[in-house]
Amino acid sequence: MTEEELNTAFENAYERASNTKIQLPPDIMLRFYACYKRAIHTDTEGFFTPSGNSQLRNAFKLNAFFQAKNLTPKEAKEKYIELVNTYITD
């Protein structure tokens, strides 16, 4: 898959995930979040701060992001697409 094809597939997967009515468990949602953020986070310093008002929720987001830290952005896009294809069936 070329980089352009991967980016298109990633954008399509993001649209599917964003528009689904399926209620996913929190642990699966965090996997989606981690892969998505890792795919789009291009800061070479590796510094990442989750957004939101809840410190507890931000802690879970940060932990999920750290678990995906060894993925390259390309690998994270591929993993995100895989997650969407697995869990978003509409």
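The values are calculated or read from the model by the stated rules, or taken from the named source; none is laboratory data. Quick caveat: nothing in here was measured; it's all calculated off a predicted structure. Heads up, the Cβs are rebuilt from the backbone with ideal geometry, glycines too, and the neighbour counts pull from every protein chain shown.
Residues checked against (1) modelled with pLDDT of 95 or more; (2) touching a helix residue (DSSP H, G or I) at 6+ places or on another chain (Cβ under 9 Å); (3) on the phi > 0 side of the Ramachandran plot:
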residue: 4; (1), (2), (3): yes, no, no
residue: 8; (1), (2), (3): yes, no, no
residue: 17; (1), (2), (3): yes, yes, no
residue: 30; (1), (2), (3): no, yes, no
residue: 34; (1), (2), (3): no, yes, no
residue: 38; (1), (2), (3): no, yes, no
residue: 44; (1), (2), (3): no, no, no
residue: 48; (1), (2), (3): no, yes, no
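How about region 1-18: which of its residues are of a type in the set (A, V, I, L, M, F, W, C), more than 12 Å from the chain's Cα centre (by Cα) and either part of a helix (DSSP H, G or I) or closer than 18 Å to residue 37 by Cα (or both)?
Selection gives 6, 9.
Could you check, for region 19-39, whether at least one of its residues is touching a Pro at 6+ places or on another chain (Cβ under 6 Å) and surrounded by 12 or more Cβ atoms within 10 Å (Cβ to Cβ)?
yes
Name the residue that is modelled with the lowest pLDDT, counting only residues in region 53-69 that are more than 16 Å from the chain's Cα centre (by Cα) and in a loop (DSSP other than H, G, I, E, B).
The extreme case among them is 53.
Looking at (1) of a type in the set (Ser, Thr, Tyr); (2) surrounded by fewer than 10 Cβ atoms within 10 Å (Cβ to Cβ); (3) within 13 Å of the chain's Cα centre (by Cα), can you tell me which one residue 89 breaks?
All conditions are met except number (3).
Would you confirm whether any residue within region 76-86 is assigned to a helix (DSSP H, G or I), at pLDDT 85 or above, more than 26 Å from residue 2 (Cα to Cα) and β-branched (Val, Ile, Thr)?
no
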